[in-house]
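Asker: One structure coming up, written as structure tokens, with questions to follow.
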């Protein structure tokens, strides 16, 4: 069964460093999403991406964050200068379509620890 | 402000019990999703609903659009059902998540 894969599963980084989290969505899906879950808190929407551009983003997704689909298969989330409060589980998801009847398929997540 | 509210937050049940988790939402939605988050953190989509009822094995999900309410039922619960169950709603291209219900099923 097709699945969304994320790498790495766990990343430890120094505060101020740049990190890139990678996701390979399901191959025929068109919409891509990043979410994060700070330990003990609820999952939060970060950004949705369609047709090579951001379609929607939350207040959390500030200038420190960027997304791209560099090669038609990977979907990456970059955090330019990590802060301690960026420590969280980051989930990628993809869906075949957006809007009504959007069923999203989630990856297993990348646990980011900023020290 | 919480667009999605779940209850209960924590639930402990004996193996075999019938379990109900509730979700209420305050926004207009395209669809409602029930997700399962395993102890290791991975998220699995269980159901996507825009009306009525869906059943998959021992899991049943219902939604009442007029009342903005959904329930997830687990029949004949089993210890392997122990997980966090998350209600999420989609509005266009954005999702809002509930805080989750932590379910523990005791043998």
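Derivation of every value follows stated rules applied to the coordinates shown; laboratory data play no part. Because the structure is predicted, anything quoted here is derived from the model rather than measured. Positions of Cβ are backbone-derived with ideal geometry, glycine not excepted, and every protein chain shown enters the neighbour counts.
Asker: For residue B:95, which of the numbered conditions (1) more than 13 Å from every other protein chain (Cβ to nearest Cβ); (2) under 28 Å from residue A:38 (Cα atoms); (3) surrounded by 16 or more Cβ atoms within 10 Å (Cβ to Cβ) fails to hold?
Answerer: (1)
Asker: Another question, then. What number of residues in region B:28-53 are touching a strand residue (DSSP E or B) at 6+ places or on another chain (Cβ under 9 Å), loosely packed, with under 12 Cβ neighbours inside 10 Å and within 20 Å of residue A:37 (Cβ to Cβ)?
Answerer: Number satisfying all stated conditions: 1.
Asker: Oh, and also: I'd like the full set of residues that are more than 25 Å from residue B:100 (Cα to Cα) and assigned to a loop (DSSP other than H, G, I, E, B), limited to region A:9-23.
Answerer: Within region A:9-23, A:14, A:15, A:16, A:17, A:18 qualify.
Asker: Would you confirm whether or not region A:90-99 contains a residue that is in a loop (DSSP other than H, G, I, E, B) and either without any contact (Cβ under 8 Å) to a residue 24 or more places away in the chain or more than 14 Å from every other protein chain (Cβ to nearest Cβ) (or both)?
Answerer: yes
Asker: Okay, next question. Please return the ranges of strands (runs of 3 or more DSSP E) entirely within region A:24-75 where 2 or more residues are in contact with a strand residue (DSSP E or B) (Cβ under 7 Å, 6 or more places away or on another chain) and more than 25 Å from residue B:40 (Cβ to Cβ).
Answerer: A:43-50, A:53-57, A:65-68
Asker: Under the condition of being in a strand (DSSP E or B) and touching a helix residue (DSSP H, G or I) at 6+ places or on another chain (Cβ under 8 Å), which residue from region B:82-107 is nearest to residue B:63 (Cα to Cα)?
Answerer: B:103
Asker: So, one more: Among the residues of region B:58-72, are any loosely packed, with under 13 Cβ neighbours inside 10 Å and part of a loop (DSSP other than H, G, I, E, B)?
Answerer: yes
Asker: Moving on to the next point. Across region A:4-47, which residue is surrounded by the fewest Cβ atoms within 10 Å (Cβ to Cβ) among those that are within 30 Å of residue B:10 (Cα to Cα) and more than 15 Å from the chain's Cα centre (by Cα)?
Answerer: The selected residue is A:40.
Asker: If you go through region B:73-85 one residue at a time, do you hit one that is over 24 Å from residue A:38 (Cα atoms), buried (at least 18 other Cβ atoms within 10 Å of the Cβ) and within 14 Å of another protein chain (Cβ to nearest Cβ)?
Answerer: no
Asker: So, one more: Take the residues in region A:33-82 that are in contact (Cβ under 8 Å) with a residue 40 or more places away in the chain and farther than 22 Å from residue B:41 by Cα; name whichever of them is farthest from the other protein chains (Cβ to nearest Cβ).
Answerer: A:81
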